[in-house]
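Here the structure comes first, spelled out in structure tokens, and everything after it is commentary.
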């Protein structure tokens, strides 16, 4: 067991060393860690309460007091963007967690056992794939109602098919490997084989997909917020901030500029990190 752990640890160290050589991925990782820290310490970083209104200071342009200016209710935009990072990242990570857990289970069972399980699960996935992701998310939110919990469920459920197909494809190739046959010959149960051998060997593509999937989930949540089906005011979700500011975009562009930049920087960092992880973890791209 100690030899196995040492090999696994050395593999992760090798992955980290290779990732550090990819400057774009490192930049993405640094930005992502910074955004996570901002979300965690939003109460300390934000100079104002995101709900605090000052009707005598509406539409103030960026200055030393209000770094990003104020909105039509006199609320500090910088504080709202900072608190918005907490909501957007929470939605992204939890939604991907839901999609990964359910989609990974479906893909693992379908790929390993095949037969009736594969037929039933994959036909269900095909039905979900027949509906555009954002339209499926809109339908789920319309049924469940707006709110952060329902938004995470909607975005997560709409992303299940991609994870199910990735895990299924990898499991179908892994289960034919000689070490899986050896484990079966030794009397190892199917559950043990899946947990100890199959799932660990599907982590590489799943990690890459999850990293990029968080970006997609945040973008989907922002899109739903923009059309009014996401987080409801006064909660400062970036998409809903864009929706609120679009009515004043000609005269007061700062209302949409900073939430838009926050979304762009977050998506960019996740995509840079995801591309770097793909280059590192894909054996076909290794030196």
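All of the numbers you see were taken from the coordinates with simple rules; none came from a lab. Quantities reported herein were computed from a predicted structural model and do not represent experimental measurements. Reconstructed Cβ throughout: ideal geometry from the backbone, glycine too, with neighbour counts over all protein chains shown.
Before moving on, here are some points about what is shown:
- Relative to the longest principal axis of the Cα atoms of the chain, the long axis of helix 160-174 makes an angle of roughly 20 degrees.
- For the options 39, 182, 215, a Gaussian network treatment of the chain with springs between C-alpha atoms closer than 10 Å singles out 182 as fluctuating the most.
- Highest GNM mean-square fluctuation among 227, 94, 77, for the chain modelled with Cα contacts below 10 Å: 227.
- Helical contribution to [θ] at 222 nm, DSSP H n ≥ 4, -39,500 (n - 2.57), averaged over the chain, rounded to 500: -23500 deg cm²/dmol
- What separates the Cα centres of the range 21-83 and the range 226-256 is a distance of 14 Å.
- For the range 39-274, the relative contact order works out to 23 percent when only alpha carbon pairs closer than 8 Å and six or more residues apart are counted.
- Label point distance in nm, residue 195-residue 117, each placed 7 Å from Cα along Cα→Cβ: 1.5 nm
- Zone of residue 203's modelled label, taken as backbone nitrogen in the range 23-65 under 12 Å from a point 7 Å along Cα→Cβ: none
- Placing dummy labels 7 Å off each Cα toward the beta-carbon, the span from residue 54 to residue 40 is 3.1 nm.
- Shown is the FRET efficiency for residue 247 and residue 143, computed with R0 = 25 Å from the Cβ-Cβ distance and rounded to the nearest 0.05: 0.35.
- In the list (1) 44; (2) 52; (3) 26, the label attached to percent of Cα pairs over 29 Å apart as derived from the coordinates here is (1).
- FRET efficiency estimate (nearest 0.05) - Cβ-Cβ, residue 129 to residue 184, R0 35 angstrom: 0.60
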